[in-house]
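Here is the structure we will look at, set down as structure tokens.
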Amino acid sequence: MLNPKIEGAFNAQINAELYSSYLYLSMSAYFESKSLPGMAHWMRLQAQEEAGHAMKMFDFVNERNGRVLLKAVDAPATEWASPLAVFEVVYEHECKVTGLINDLTSLALEEKDHAAGIFLQWFVTEQVEEEANALAIVDKLKLVGDQGVPLYMLDKELGQRTVSPAAAE
Ligand code: FEO
């Protein structure tokens, strides 16, 4: 049984994960419009991963006999100044999500909900990877600048992203 505080916090995090998915899907559409199919592909997989995060929480709340209540998902931005600007937003957004996951984990501990605490450890670890992945691409884009050929090569590299085994769980 989930206590109402934990249940409400999980519902808020489900909304945040769905917003992340929507944001990355919007970024995928942006890259499609800029003829950068590799980056569009990377973002599309990222959007799927975020929807997967929401579903992990959805299933956890139900398993604990809680009630999932879905709220409106905010509209994401649709335009950015450059590929670098997009990935800088991704990095900032992931840092923000890390804060939300940490707050949720702290609440689980305060409320002595150890099952929730253990469940959230997966997300704590995932956020380390999410931040690192975004920052690595920011760094590469800073090196590339607005040079056409290196940008084309980086787009090709990002287009090779595959679904991570953890995301497919
Ligand atoms: Fe669901 Fe990118 O964290």
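Coordinate-derived values only; no laboratory data. Keep in mind that this is a model prediction, so the values were computed, not measured. Cβ: placed from backbone, ideal geometry, glycine included. Neighbour counts: every protein chain shown.
Computed values, structure above
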quantity: In the range 1-40, the residues that are over 18 Å from I101 (Cβ atoms), of a type in the set (A, V, I, L, M, F, W, C) and over 20 Å from the mean Cα position of the chain (by Cα); calculated: M1, L36
quantity: The one condition in (1) near the ligand (Cβ under 10 Å from one of its atoms); (2) of a type outside the set (K, R); (3) on the phi > 0 side of the Ramachandran plot that Y24 fails to fulfil; calculated: (3)
quantity: Failed condition for N65, given (1) in a helix (DSSP H, G or I); (2) touching a residue at least 60 places away in the same chain (Cβ under 8 Å); (3) away from the ligand (no atom under 16 Å from the Cβ); (4) of a type outside the set (V, I, T); calculated: (1)
quantity: Criterion: in a helix (DSSP H, G or I), among the hydroxyl-bearing types (S, T, Y) and out of contact with any helix residue (DSSP H, G or I) (no Cβ under 7 Å at 6 or more places or on another chain) - qualifying residue of Y91, Y19; calculated: Y19
